[in-house]
Amino acid sequence: MRYVPSTLAALAVLAIPASAFAEEEVAWRLFVADHDQPRVTAIDLESGAALDSFAIDGPATLYATKGKRAVYAVQGEQNRVAIIASGVEIEDHGDHGDLKLGEPALTDAVLTGERPVHFVEHDDQFAIFYDGEGTARIYPEAAVLKGDTAFREVHTSAPHHGVAIPMEDYTLVTQPNEADPKALPTGIWVLDAAGEKLGDFHPCPDLHGEATSGNLLAIACGTGLLLAKEGASGPQIEFLPYAADLPPGKVTTLLGGSGFQYFLGNYGADRVAVIDPSATDAFQLVTLPTRRVHFAVDPEQPKFAYVFTEDGNLLQLDILSAAITGTLHLTEPYSMDGEWNLPRPRVAVAGGEIAVTDPLKRLIHVVDAKAFAKTREIAVEGRPYNIVAVGGAGETHGHHHHH
């Protein structure tokens, strides 16, 4: 595992005393989508108070980008993506960050298209793939945050469950399965700024799942991972096959590590794979006691990730040793039998705390990440389901903000 330079920079920042005129403040907000109601609630993590609740058009999957200034509520059935201003702004000044807090607010900007599903951020832009059209639209985030929803568009040959990934002026986009557009994509093309295909087709059967860690992007295939990084003449792509001695299975959901360059994927229902592309033995499998419900990586303590399993436990996973190092019982069992979109817990890491939704009990369980112990509960109306955490630490200059 190698350190990504930004982590070293972050460690250096800790050694610099804050100036006498500024106070270091930490603020985290949780944004929670209800399972049944078209609603997203913003919660102040420290107090547990609801800051506001936003009516949208349908149940949403939530995404927060690196900039943390907005939360994107993707409503596939309603053909819309709502944009909620987080009210959190962290301006990077090199030696420190400035933290500005405002009210969270539902913006007027709405992104539309037929069946938006995959939302992928890369290089200060994000792409939304509209499954119903087989089209991706790529939006520069800075413009969107000012209310400008102009985009460039990338087309594929048929509607399918696809994905597009912006890499500077290039786009990686899926190739539908021509024999059966309902089947998973068969690989990716690299498109140039004009949308023309660049180079050869990159096969990736049963393509599902992508993530970024450091300067590396990984895409999960039935046969291994495609790895892409930016190069002088466009994205450089190589293939990392599954090791011959792995049991049958494949990765279909990927998360990218921060701090270390690694990926965490599922591998079948009751295993996860810790993937270090630079290692000789790139895939380390960890067998879970029961099936995985959801998982998250920890950006603040990079060596840990967390897996929630159907027996109601949150597991602490040590990435370096690829071993489960803690088990915390949080909820009643949530079986993975039945529909994929039944209300089940979701995990988000917010600084030094982990938030786990418990839809049937109308709660969020809050866990101290260092102690790996539950500290409190936050009651939430309805069925709290999908969740993202937005926030961080920064200096507030001479004036206090109310949370």
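May I ask you to list the residues in region 357-389 that are over 21 Å from Ile84 (Cβ atoms) and open to solvent by less than 20 Å² (accessible area, probe 1.4 Å)?
Scanning region 357-389 gives Asp358, His365, Val366, Val367, Ala369.
Could you figure out which of (1) of a type in the set (Phe, Trp, Tyr); (2) in contact with a Pro (Cβ under 6 Å, 6 or more places away or on another chain); (3) over 22 Å from Ala218 (Cα atoms) isn't true of Phe151?
Looking at each condition in turn, Phe151 falls short on (2).
Restrict the check to region 331-342 and report whether at least one residue is open to solvent by less than 70 Å² (accessible area, probe 1.4 Å), in a loop (DSSP other than H, G, I, E, B) and among the charged types (D, E, K, R).
Of all residues in region 331-342, those open to solvent by less than 70 Å² (accessible area, probe 1.4 Å) come to 331, 334-336, 338, 341.
When the remaining residues are screened for being in a loop (DSSP other than H, G, I, E, B), the result is 331, 334-336, 338, 341.
Still in the list and also among the charged types (D, E, K, R): none.
No, region 331-342 contains no residue that is open to solvent by less than 70 Å² (accessible area, probe 1.4 Å), in a loop (DSSP other than H, G, I, E, B) and among the charged types (D, E, K, R).
Since Gly214 meets every condition but one in (1) surrounded by 18 or more Cβ atoms within 10 Å (Cβ to Cβ); (2) at pLDDT 95 or above, which condition does it not meet?
(2)
Restricting to region 254-288, give me the number of residues that are open to solvent by 50 Å² or more (accessible area, probe 1.4 Å) and in a loop (DSSP other than H, G, I, E, B).
Residues in region 254-288 being open to solvent by 50 Å² or more (accessible area, probe 1.4 Å) and in a loop (DSSP other than H, G, I, E, B): 5 in total.
How many of the residues in region 83-111 are open to solvent by less than 10 Å² (accessible area, probe 1.4 Å) and either under 15 Å from Ile56 (Cα atoms) or within 19 Å of the chain's Cα centre (by Cα) (or both)?
Here the count works out to 6.
From Leu216, Leu198, Leu226, Leu191, which residue is in contact with a Pro (Cβ under 8 Å, 6 or more places away or on another chain) and either of a type outside the set (Phe, Trp, Tyr) or touching a residue at least 60 places away in the same chain (Cβ under 8 Å) (or both)?
Result: Leu216 is the single residue among Leu216, Leu198, Leu226, Leu191 that is in contact with a Pro (Cβ under 8 Å, 6 or more places away or on another chain) and either of a type outside the set (Phe, Trp, Tyr) or touching a residue at least 60 places away in the same chain (Cβ under 8 Å) (or both).
Tally the residues that are open to solvent by 20 Å² or more (accessible area, probe 1.4 Å), within 16 Å of the chain's Cα centre (by Cα) and under 30 Å from Leu342 (Cα atoms), restricting the search to region 49-82.
6
Listed residues Gly195, Gly234; which is open to solvent by less than 10 Å² (accessible area, probe 1.4 Å), at pLDDT below 95, within 21 Å of Pro140 (Cα to Cα) and out of contact with any helix residue (DSSP H, G or I) (no Cβ under 8 Å at 6 or more places or on another chain)? If you could, list the steps in order and put the result at the bottom.
On the way: Gly195 fails: open to solvent by less than 10 Å² (accessible area, probe 1.4 Å).
Of the residues listed, the single one that is open to solvent by less than 10 Å² (accessible area, probe 1.4 Å), at pLDDT below 95, within 21 Å of Pro140 (Cα to Cα) and out of contact with any helix residue (DSSP H, G or I) (no Cβ under 8 Å at 6 or more places or on another chain) is Gly234.
Filter region 136-149 down to residues that are assigned to a strand (DSSP E or B), open to solvent by less than 30 Å² (accessible area, probe 1.4 Å) and not aliphatic (A, V, I, L, M), then give me how many there are. Please lay out each step first, then the result.
Here is the first cut: in region 136-149, the residues assigned to a strand (DSSP E or B) are 136-140.
If we keep only those that are open to solvent by less than 30 Å² (accessible area, probe 1.4 Å) as well, we get 136-139.
Now drop any that are not not aliphatic (A, V, I, L, M), which leaves 137, 139.
Summing the residues that are assigned to a strand (DSSP E or B), open to solvent by less than 30 Å² (accessible area, probe 1.4 Å) and not aliphatic (A, V, I, L, M) in region 136-149 gives 2.
State which residue pairs qualify: first residue at pLDDT 95 or above and inside region 38-51, second residue among the aromatic types (Phe, Trp, Tyr) in any location, beta carbons under 6 Å apart, and separation of 6 or more residues or different chains.
Taking only residues 6 or more apart or on different chains, the pairs are Val40/Phe31; Val40/Phe54; Ala42/Phe31; Leu45/Trp28.
Just to be sure I understand the filter: pairs with C-beta atoms under 6 Å, separated by 6 or more residues or on different chains, first member in region 272-293 and free of Cβ contacts under 8 Å to residues at least 40 places away in the same chain and among the hydroxyl-bearing types (Ser, Thr, Tyr), second member surrounded by fewer than 21 Cβ atoms within 10 Å (Cβ to Cβ) and in a strand (DSSP E or B). Which pairs pass?
So the pair list comes out as Thr287/Arg271.
Which condition number does Thr396 fail, the rest of (1) modelled with pLDDT of 95 or more; (2) open to solvent by less than 20 Å² (accessible area, probe 1.4 Å) being met?
The number of the failed condition is (1).
Select, from Glu168, Glu133, Glu114, the only residue that is at pLDDT 95 or above, more than 22 Å from Val40 (Cα to Cα) and surrounded by 13 or more Cβ atoms within 10 Å (Cβ to Cβ).
Unique residue meeting the criteria: Glu133.
Just a yes or no: is a residue in region 309-319 touching a Lys or Arg at 6+ places or on another chain (Cβ under 8 Å) and in a strand (DSSP E or B)?
Scanning region 309-319 turns up at least one residue that is touching a Lys or Arg at 6+ places or on another chain (Cβ under 8 Å) and in a strand (DSSP E or B).
Mind checking whether some residue in region 7-26 is surrounded by 21 or more Cβ atoms within 10 Å (Cβ to Cβ) and either more than 14 Å from Val388 (Cβ to Cβ) or at pLDDT below 95 (or both)?
Scanning region 7-26, I find no residue that is surrounded by 21 or more Cβ atoms within 10 Å (Cβ to Cβ) and either more than 14 Å from Val388 (Cβ to Cβ) or at pLDDT below 95 (or both), so the answer is no.
Kindly indicate the residue of region 242-266 that is hydroxyl-bearing (Ser, Thr, Tyr) and more than 14 Å from Ala305 (Cβ to Cβ) and also farthest from the chain's Cα centre (by Cα) among those meeting that condition.
Within region 242-266, the subset hydroxyl-bearing (Ser, Thr, Tyr) is 242, 252-253, 258, 262.
From the residues that got through so far, the ones that are more than 14 Å from Ala305 (Cβ to Cβ) too are 242, 252.
On the way: Tyr242: 24, Thr252: 14 Å.
Applying the filter and picking the extreme gives Tyr242.
What are the pairs with Cβ atoms under 7 angstrom where one residue, in region 295-319, is free of Cβ contacts under 8 Å to residues at least 60 places away in the same chain and over 14 Å from His365 (Cβ atoms) and the other, located anywhere, is of a type in the set (Gly, Ala, Ser) and surrounded by 22 or more Cβ atoms within 10 Å (Cβ to Cβ)? Sequence gap at least six, or different chains.
Every condition considered, the pairs that remain are Phe295/Ala305; Val297/Gly257; Val297/Ala305; Pro299/Gly259; Ala305/Ala296; Leu317/Ala305.
Taking only region 108-135 into account, find how many residues are in a strand (DSSP E or B), closer than 20 Å to Gly187 by Cβ and either of a type in the set (Gly, Ala, Ser) or touching a Phe, Trp or Tyr at 6+ places or on another chain (Cβ under 9 Å) (or both).
The total comes to 6.
The values are calculated or read from the model by the stated rules, or taken from the named source; none is laboratory data. These numbers come from a predicted model, not from an experiment. Positions of Cβ are backbone-derived with ideal geometry, glycine not excepted, and every protein chain shown enters the neighbour counts. To get the accessible areas, we keep the full protein, side chains included, count just its heavy atoms, and leave off ligands, DNA and RNA. Shrake-Rupley method; radii C 1.70, N 1.55, O 1.52, S 1.80 Å.
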